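In what follows, a structure is listed as structure tokens, so that the remarks can point back to it.
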């Protein structure tokens with residue numbers, strides 16, 4: 001896997017592109033542009049992983065190295081999301097209950113979790129689509145595709 005760069009590939013399922021930013025071999029950003037960056041390359045193992053995922057292969061997001069560039073309190077929530085297995089989902093309250101140091105009865109902790117999910121820089125690899133009725137770092141249409149792939153809708 002290349003160490004650093006912008007990579008993109010067109011996926012018919014999205015009727016558009018998936019673009020990933022990689023630094024030091026870790027995925028640090030995922031976006032879904034209509035057109036990729038002009039210098040984006042398409043030959044990247046992470047994009048192969050996405051292709052297999054969209055084809056229905058049960059893959060573990062933990063197989064992909066990530067680098068979360070978010071505040072520590074949000075990182076706690078997003079790291080917990082990465083542990084939700086393929087095809088399973090949690091409520092936002094259960095997510096907060098499983099996140100170290102957070103209280104599912106504390107409104108500010110629930111708000112923190114919602115913000116972390118909404119600001120998720122690497123949707124799919126931090127599978128926020130597995131959290132029921134919660135915001136996502138992916139556009140709603142893309143989130144719905146991920147949920148359909150995993151049989152969550």
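Quick note: the coordinates plus some simple rules give every number you see, no bench work behind them. This one's a predicted model, so the numbers in the text were calculated from it and none came from an experiment. Virtual Cβ from ideal backbone geometry, glycine too; neighbours counted across all protein chains shown.
Match the structure shown to one of the listed values (1) 39, 33, 26; (2) 46, 32, 25; (3) 75, 38, 27 of Cα extents along the principal axes in Å, computed from it, and give that label.
(2)
So, in nm, how far is label residue 65 from label residue 83 when the simple model puts each one 7 Å beyond its Cα toward the Cβ?
2.3
Where the centroid of each part is defined by its Cα atoms, how far is segment 1-79 from segment 82-153 in Å?
17
Efficiency by 1/(1 + (r/R0)^6): what FRET value for residue 45 and residue 94, r their Cβ-Cβ distance, R0 = 35 Å, to the nearest 0.05?
So, using R0 = 35 Å, E works out to roughly 0.60.
Counting only DSSP beta bridges with both residues in segment 1-119, tell me the antiparallel percent, nearest 5.
Values: 12 of 14 bridges.
So the antiparallel bridges amount to about 85 percent of the total.
Using a simple spin-label model with points 7 Å from Cα along the Cα→Cβ vector, what separation in nm is obtained for residue 29 and residue 141?
Distance between the two pseudo-spin positions: 2.1 nm.
Could I have the simple spin-label model distance between residue 115 and residue 4, label points 7 Å from Cα toward Cβ, reported in nm to one decimal?
That separation, rounded to one decimal, is 3.0 nm.
Apply 1/(1 + (r/R0)^6) to the Cβ-Cβ distance of residue 13 and residue 106, taking R0 = 30 Å, and write down the FRET efficiency to the nearest 0.05.
0.20
Remind me, relative contact order of the chain in percent, using alpha carbon pairs under 8 angstrom and six or more residues apart?
Result for the chain is 20 percent.
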